[in-house]
Amino acid sequence: MEYGYSILMAAFAAAILFYAGLMAIFKDYKMLPYRARVSVKPKDEKRYMVQLSKAVALVALAPALSALAGLWNMLAAMVVLIGGAVFFIWLGTRLMRGVE
């Protein structure tokens, strides 16, 4: 159970990367559960979905890096998770500019 946190974060990152891969492959706007029902559709749905899949894949890096840091130190893993999430979400928003 020593590596439970790392296993859990690695599985979470893999699930997010799997979802991002599906978005990139199928490019279907209806894969967004809530937004597809209430939001105005973007001009180019396929380009939007490809860019969004890149942003989601970036966000998946935070738990992946945290899983690696959790192998050595749990405090470092928490810092990496929080700092990485903030950084990669910010980077994802920069990536999504001009797509909608």
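The values are calculated or read from the model by the stated rules, or taken from the named source; none is laboratory data. Predicted model, so just to flag it, every value in this text is computed and none were measured. A quick note on method: Cβ atoms are made from the backbone with ideal geometry, for glycine too, and the neighbour counts reach across all protein chains shown. Just so you know, the surface numbers come from the protein's heavy atoms only, side chains and all, with ligands and any DNA or RNA stripped out. Shrake-Rupley method; radii C 1.70, N 1.55, O 1.52, S 1.80 Å.
Remark: the residue 47-residue 74 segment gains 5.9 nm on full extension, using 0.36 nm per residue and subtracting the alpha carbon distance. Here the dipole of the chain is about 560 debye; that uses its Cα centre as origin and unit charges on the Cβ of Lys and Arg (positive) and Asp and Glu (negative). Against the compact-protein benchmark of 2.2 N^0.38 Å, the Cα-based radius of gyration of region 1-58 scales to 1.38. Rounded to the nearest Hz, the phi-derived 3J(HN,Hα) couplings of region 41-53 under the Karplus curve 6.51 cos²θ - 1.76 cosθ + 1.60 (θ = phi - 60°) are 5, x, 4, 10, 5, 5, 5, 4, 5, 5, 5, 5, 5, where x marks glycine and proline. Rolling a 1.4 Å probe over the protein heavy atoms gives the chain an accessible area of 66 Å² per residue.
Centre-to-centre, using Cα atoms only, region 72-100 and region 4-28 are separated by 15 Å. Note on the chain: Kirkwood hydrodynamic radius from all Cα pairs is 14.4 Å, rounded to one decimal. The calculated FRET efficiency for the pair residue 100 and residue 22, based on their C-beta separation and a Förster distance of 30 Å, comes to about 0.90.
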